[in-house]
Amino acid sequence: MNEVLLPFILTLDATLRLATPLILCAMAGLLSERSGIIDISLEGKLLSGAFAAAAVSTVTGNVYMGLGMAIVVSVAMALIHGFACITHRGNQIISGLAVNILASGLTVTIGFAAFRQGGQTPPLSADERFGPIILPFADALRDVPLIGLLYSELLSGHKLIVYIALISVPLVAWLLFKTRFGLRLRAVGEVPEAVDSAGISVTWLRYRAIILAGILCGIAGAYLSTAHGAGFVREMSAGKGYIALAAMIFGKWRPWSAMGACLLFGFLEAASSRMQGVELPLIGQTPVDLILILPYILTVVLLAGFFGRAVPPKAIGEPYVKEH
Amino acid sequence: MSSTPPLPRWADIGLLPVLNLMIAMVVSGLVIAAIGENPFDAVAVMVKGAFFYDGSLGYTLYYTTNFIFTGLAVAVAYHAMLFNIGGEGQAYIGGLGAGLVCLALDQVMPGFVTIPLAIAAAAVFGAAWALIPAYLQAYRGSHIVITTIMFNFIAAGVMVSLLGGVLMQPGQSSPASRTFEPSSFIPFIHEILNGIGIEAARTPLNLSFVLALAACVFVWVLIWRSRFGYSLRTLGQSEPAAAYAGIPVGKTIVVTMLISGALAGMMGVNEVVGVNHRLVLNFTAGYGFTGIAVALMGRNHPVGIVLASLLFGALYQGGAELDFEFQTITREMVLLIQGLIILFSGALSYMLNPPLARLFARLSVGPRREVQA
């Protein structure tokens, strides 16, 4: 039985690994957008975080220093976004786009000057990367049918950040729906006037939301370059920030649904690389390129309102002007 | 806002963009200095590389051609308060349309049939790629920014699939189509110049540049001198007002986006029919996104867009020169400058407005202040 299930479990295992940066970025986008700030800068924060993590990790030899720097840099990018669109009421899409292009330019420019390897960082050794974490009893349970596979192969043996991503979902859900901060954050994305008239600063609330988003994107970036990969490669975020954005919309701005969408999109990616060159009945060669664009197509179909309605926070995209 | 008088028109149109550009340049210079190079040397290299070497002006204008098309695409949509960031995908699919016409007709038709049809196909395909996002924005209320982002990725996937599949040249393994017959090439400017006896270096600049300038005139007439342009701008000012005035809002959104997509699609003409002469992967190379910076800098006006396109053309061509002259600076420096320009002249464009307005209010003499009060 295990032989039959193993390929399937391995695909799910890959799904989890591929979905990790998506989940973290989707949670980041969720916090930001729920506070009323459109966040297409997920991609740029992810990319700059990935670069910072690899660069610091290779210089210091300490992967946690890398993670810390990834968070710092990603938050700095988030603050640029915030300074433009919260403080100066600039267009949120334009400033998000600016962050993304800035990240593309900065990572290669600095990387090229610092490491002289065409914009990459040197390949990281095992010490400079996150190692797998073997969950307790994983080895003992390995031979138990089904449970052994699920626990030892699927759940155990991932990098630390995979588990952080899984924990981030209930954490964000709790923060948004069970705390006073979350209530205010959601309110500020729907009717900022009400929050303002209650004497709470709209600006500061939104800044906190995007700082949290920056932290999560920084962690996701560190995952790309120091856990999943072994070093920074130019443009290594490769649109993952945008897929995460799609997943968040697909999940209708709700944490658990967004995670579901991330897992679905991660699964599509894992399955497509597994199906490479495989002949399918009727279709012939698996159309791998087309499977990879399914996330985007599905999101458009959802936005078109064909299955359920995705309603964004009401005040999203509008700079808040305090009335006098 | 109410406390400060508005800026004089010349300052708003002329001074503010220049100041924003200067801030972006100063920050870029600081980055170069931080890397340990001399920013002034870098500027000198870029200016020389963009204008003074043999043939460099041709390269600069070739990039300019792309940016005029994608910049106009963003600007047309922006006047209706629509943010089309799908220029990249629309240009990609537009190029596909032009390429398909060339592949189908180049062996049986002369160039004067193929080329106009290819141009038309680029426009139609680009427009078609904008249709679904436009329709969804107009009638289903989904955000055009998100859908056009998705369509950029879908375009990329479709092109990879086509160029690695049915369109791939038989017997080759690289994802590209066969090269068209020379009869369907858009003439290069250096060929024309050499034909009339003027020495000119080989550059990718071709007659698409003239098409781009014609598109500028078309956009100016469309937006400021046509009935449709009036409804488009009214819609951009206020959707309720437009609806109240009897302007068909949905239809205007869709038609505006179709025109925008068609303009972006025509960028594919320059790349596919003018320069590459075959379909290759990623010939759009981010020019669609640069169009956003161009439109922002050019204040969404055709004249401004030509100037901004020239600036970005010079940046791209001069940036390529950085690779040769410096060991520590690459052409990606240009991306950084581009990002900073989008940040300062786009997202932070209001930052300098109040202090500048206050400065002008202080400088202006008594009578004008009374008018304000």
Three-way shape label, chain B, alpha-carbon gyration tensor, a/c 1.5: oblate
Nearest-ten-degree value, helix B:302-325 long axis tilted from longest Cα axis of chain B: 60 degrees
Long-range HN-HN contacts of B:ASN206 with modeled amide H, under 5 Å: B:ILE189
The protein assembly as shown: C-alpha pair distances exceeding 37 Å, %: 40 percent
Using θ = phi - 60° and Karplus 6.51 cos²θ - 1.76 cosθ + 1.60, couplings along the stretch A:242-252 (whole Hz; Gly, Pro as x): 6, 4, 4, 4, 4, 5, 5, 5, 4, x, 6
Amide N of the stretch B:283-315 lying under 15 Å from the label point, which is placed 7 angstrom from the Cα of B:ARG225 along Cα→Cβ: B:302-303
Using alpha-carbon coordinates, inclination of helix A:255-274 to the longest axis of chain A, degrees: 40 degrees
Semi-axis lengths (Å, descending) of the ellipsoid that matches the C-alpha gyration tensor of the stretch A:2-303: 32, 24, 20
Calculated on alpha-carbon atoms, Rg and Dmax of the stretch A:235-313 in Å: 13.9, 44
B:ASP106, B:ASP41, A:ASP143 arranged by Cβ crowding within 10 Å, fewest neighbours leading: A:ASP143, B:ASP41, B:ASP106
Whichever lysines have a C-alpha closer than 24 Å to that of A:LYS314, once near sequence neighbours (fewer than 8 apart) are set aside: A:LYS178, A:LYS252, A:LYS322
Estimated FRET transfer efficiency (B:VAL108, B:TYR53; beta-carbon r; R0 51 Å; 0.05): 0.80
HN-Hα J in Hz across the stretch B:207-214 - Karplus 6.51, -1.76, 1.60, θ = phi - 60°, x for Gly and Pro: 5, 4, 4, 5, 4, 5, 5, 4
Exposure proxy order (Cβ contacts within 10 Å, fewest to most) of B:PHE188, B:PHE40, B:PHE151: B:PHE40, B:PHE188, B:PHE151
Exposure proxy order (Cβ contacts within 10 Å, fewest to most) of A:THR203, B:THR234: A:THR203, B:THR234
Amide H contacts under 5 Å for B:ALA176, placed H, 5+ residues apart: B:GLN169
FRET efficiency for B:ILE192 and B:LEU213, using Cβ-Cβ distance with R0 set to 22 Å, rounded to 0.05: 0.90
Net lengthening on full extension, A:SER273/A:LEU6 (0.36 nm per residue, minus Cα-Cα): 94.5 nm
Degrees separating the helix B:249-268 axis from the principal Cα axis of chain B, which is the longest one: 50 degrees
Surface/4 of the Cα convex hull for the stretch B:8-157, nm²: 14.2 nm²
Average beta-carbon neighbours from other chains, 10 Å sphere, peptide B:334-345: 6
Residue-wise HN-Hα coupling along the stretch B:90-102, computed from phi with Karplus coefficients 6.51, -1.76, 1.60 (Hz; x: Gly, Pro): 5, 5, 4, 6, x, x, 4, x, 4, x, 4, 4, 4
Point-to-point label distance, A:ILE297-A:ASP143, nm (Cα→Cβ direction, 7 Å offset): 4.6 nm
Relative packing of A:60-72, A:232-244, B:212-224, A:25-37, which averages over residues the other C-beta atoms within 10 Å, highest first: A:25-37, A:232-244, A:60-72, B:212-224
B:GLN327 paired with A:SER125, simple spin-label distance in nm, labels 7 Å along Cα-to-beta-carbon: 2.6 nm
Three-way shape call for the stretch A:97-142 based on the alpha-carbon gyration tensor, with the a/c threshold at 1.5: oblate
Rounded D (µm²/s) - the stretch B:223-322, Kirkwood Rh over Cα pairs, Stokes-Einstein at 10 °C, 1.306 mPa s: 101 µm²/s
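Computed from the coordinates by the stated procedures, all read-outs in this text should not be read as laboratory data. Note that this is a predicted model, so its numbers are computed, not measured. With ideal geometry, Cβ positions are generated from the backbone for all residues, glycine too; neighbour counts draw on all protein chains shown.
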